[in-house]
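The values are calculated or read from the model by the stated rules, or taken from the named source; none is laboratory data. None of the values given here were measured: they were computed from a predicted structure. All Cβ positions, glycine included, derive from the backbone under ideal geometry; neighbour counts span all protein chains shown. To get the accessible areas, we keep the full protein, side chains included, count just its heavy atoms, and leave off ligands, DNA and RNA. Shrake-Rupley method; radii C 1.70, N 1.55, O 1.52, S 1.80 Å.
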Amino acid sequence: MAGGITDTGELYSPYVGLVYMFNLIVGTGALTMPKAFAMAGWLVSLVLLMFLGFMSYMTTTFVVEAMAAANAQLRWKRMEKRKDDEDEDSSSGVSDSDVLLQDGYERAETRPILSVQRRGSPNIFEITERVEMGQMASMFFNKVGVNLFYFCIIIYLYGDLAIYAAAVPVSLMQVTCSVTGNHSCSVGDGTKYNDTDKCWGPIRRIDAYRLYLAAFTLLLGPFTFFNVQKTKYLQIMTSLMRWIAFILMIILALIRISRGQAEGHPSMAQLSGIRNLFGVCVYSFMCQHSLPSLITPISKKKHVNKLVLLDYILILAFYSLLSFTAIYCFRNDTLMDMYTLNFTNCEIINVAFIRYFLGLFPVFTISTNFPIIAVTLRNNWKTLFHREGGTYPWIVDRIVFPAITLIPPVLVAFCTHDLESLVGITGAYAGNGIQYLIPAFLAYCSRKDTQLVFGSGTVNKHLSPFRHTFWIVFVLIWGFFCFVFVTANIVLSESKL
């Protein structure tokens, strides 16, 4: 859930944290990036990808800074409470020396701030507790700001679920409709199929898609009504499958290019494709909402910003390699919304197992994430309407909240399976808020609160390298510009139709 303080969990090294962050960012969005690259042109795509990667890194450092400020405030409040309790118990003769503390952090928290800072372990701004973004919003924003935060993250999660609900049936439709009939192995051969084309006998492709969507909803939808957790082994399995798939696609594309069988001739720039590319890139760099669970368990956070920068450089290189091999290997008009589907063609790979593995790859990986995202969205709805000390009736808690979580994304997936547009719109609107606007406001408000509580001379040890107010203003202006640009582009596109 986006709100609340949760256990830190088992600590791990900075480099393990780097791998976890890499795995988090490189997800479903990467599968839609090759087509977006092709539609916008390779030069425009590369420049925009690098710029948006830089912007995402900047706002990531803003969130880390806000996490440190939140930890400092929580630590300060506990110290004040303990001080008040000690004052009340002073008549009984209880002193600090009589209290046995088990944890180093607790020992430091019982001392005055100046004492802690003189000893140097730990700093008042040490990130030792996992404070989720919802909790930070409630600490640093007013009531309107908190409600806007939840509205933004709820819209983003709805978009996520709609993308997942469409991606699985699309993959199943493409694979099963291609291996039946006379066009076996022809998913990636450049043939364009309409939704009204036949799939099995009288069943059209769109009918097959909706049948798969219904089955997907019936199988995974009920998990929204219960509590589910991603197990450690399931996470390992999905990560392993994802990396096998990505590496296979890059190698197969490089082999085809090296043999002179490449068909792609991408243009340098096509302005009409920038809107979708922007949304896809924002969606593909999204990690800000999960940073508390990633950064907090890192054992040594002294160089956390440098590790995050290294992660972004590696991710940028990976996205570029995946997209460039794709746009030079395949013609623009043959690139699929889900890049994995380009490898279900017998001419690309004649090993049936690999064809089916890549074609059905989104089915396995996305299906494991759908219930977790759904439960997260349901819990955010509960948090948004929660009143202190109040409880929900059984029917509202167990029926209404799960229903409003599950029904809208399934309806969106029923109406459209245009994954590129779904990813683009989700990234351009809700992603814009989560990746740019919320981190910028968190950094600004946390700095003001830190100065108010600790004084103007106090320095946050995890202060962003982009510490000047100019960068916050720049991010806010950029976020507003992106919103206006995407909206105007959509309106102009619709008016031409």
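Observations, loosely collected:
- Just one of the numbered conditions (1) surrounded by fewer than 19 Cβ atoms within 10 Å (Cβ to Cβ); (2) part of a helix (DSSP H, G or I) is not true of residue 170: (1).
- Qualifying positions in region 476-492 - among the aliphatic types (A, V, I, L, M) and under 22 Å from residue 276 (Cβ atoms): 484, 486, 488, 490, 491, 492
- Hey, residue 334 among the hydroxyl-bearing types (Ser, Thr, Tyr), touching a residue at least 40 places away in the same chain (Cβ under 8 Å) and under 27 Å from residue 59 (Cβ atoms) or not: no
- The requirement of being within 26 Å of residue 267 (Cβ to Cβ), open to solvent by 70 Å² or more (accessible area, probe 1.4 Å) and either touching a Pro at 6+ places or on another chain (Cβ under 6 Å) or part of a helix (DSSP H, G or I) (or both) is satisfied by residue 50.
For every residue, the table says whether it meets (1) of a type in the set (D, E, K, R); (2) open to solvent by less than 40 Å² (accessible area, probe 1.4 Å); (3) touching a residue at least 24 places away in the same chain (Cβ under 8 Å); (4) within 29 Å of residue 342 (Cβ to Cβ).
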{"residue": "366", "(1), (2), (3), (4)": "no, yes, yes, yes"}
{"residue": "371", "(1), (2), (3), (4)": "no, yes, yes, yes"}
{"residue": "375", "(1), (2), (3), (4)": "no, yes, yes, no"}
{"residue": "378", "(1), (2), (3), (4)": "yes, yes, yes, no"}
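- A search for C-beta distances below 8 Å between a residue of region 482-497 that is open to solvent by 50 Å² or more (accessible area, probe 1.4 Å) and in a helix (DSSP H, G or I) and any residue that is of a type in the set (Ser, Thr, Tyr) and at pLDDT 75 or above, counting only pairs 6+ apart in sequence or on different chains, returns 483/429.
- For region 345-353, the criterion of being in a helix (DSSP H, G or I), open to solvent by less than 30 Å² (accessible area, probe 1.4 Å) and either at negative phi or basic (Lys, Arg) (or both) is met by no residue.
- Any chance residue 286 is within 30 Å of residue 66 (Cβ to Cβ) and not small (Gly, Ala, Ser): yes
- Test for residue 19: is it open to solvent by 70 Å² or more (accessible area, probe 1.4 Å), assigned to a helix (DSSP H, G or I) and under 25 Å from residue 275 (Cα atoms): no
- Whichever residue in region 436-464 is small (Gly, Ala, Ser) and at pLDDT below 90 and, among such residues, is surrounded by the most Cβ atoms within 10 Å (Cβ to Cβ): 455
- A count restricted to region 244-280 and to residues that are at pLDDT below 90 and either loosely packed, with under 13 Cβ neighbours inside 10 Å or closer than 30 Å to residue 484 by Cα (or both) stands at 19.
- Members of region 413-435 found to be over 30 Å from residue 59 (Cα atoms), open to solvent by 30 Å² or more (accessible area, probe 1.4 Å) and in a helix (DSSP H, G or I), listed by number: 414, 415
- Qualifying positions in region 288-335 - open to solvent by less than 30 Å² (accessible area, probe 1.4 Å) and assigned to a loop (DSSP other than H, G, I, E, B): 296, 297, 301, 330, 335
- Figure legend. Inter-residue proximity from region 253-266: first residues within 17 Å of residue 37 (Cβ to Cβ), second residues modelled with pLDDT of 85 or more and among the basic types (Lys, Arg), beta-carbon distance below 9 Å, spacing 6+ or different chains. Indicated pairs: 262/256; 263/256; 263/331; 264/331; 265/331.
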